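Take a look at the structure below.
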Amino acid sequence: LLAALLPVPCRALGTCRTLDLEAARRKRIEAVRGQILSKLRLPAPPPEPGPAPAPLPEEVRALYNSTRELLRQRARLREHEEPQDYYAKELLRFPMESPG
């Protein structure tokens, strides 16, 4: 009796396709990629970045660093100012006429 029932389920399982997990994974990745692009309102992924830019010349780097240091010094000087001086000052306007 057991042998008579066994072939029936086997034939039923033989019609099912096997699940390709790798294909399902790729489809899911593409779906997530599409959702990200739609959220960013981009029609396609941005192009890959090109080669890294050439290193900056030493003169440009020195100018940049000196500018940053100057800005830090100005910020330090502003920290030492009394904020009450600013609010206590009176605003005076002088009408200026254009020359000519």
task: Give region 41-59 a look and list any residue that's open to solvent by 70 Å² or more (accessible area, probe 1.4 Å) and among the hydrophobic types (A, V, I, L, M, F, W, C), or say none.
output: LEU42, ALA52, ALA54, LEU56
message: If ALA24 meets every condition in (1) open to solvent by 100 Å² or more (accessible area, probe 1.4 Å); (2) modelled with pLDDT of 90 or more apart from one, which number is that one?
response: (1)
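The values are calculated or read from the model by the stated rules, or taken from the named source; none is laboratory data. Since the structure is predicted, the reported quantities are computational estimates derived from the model, not experimental observations. Keep in mind that these areas ignore ligands, DNA and RNA; they rest on the heavy atoms of the full protein, side chains included. Shrake-Rupley method; radii C 1.70, N 1.55, O 1.52, S 1.80 Å.
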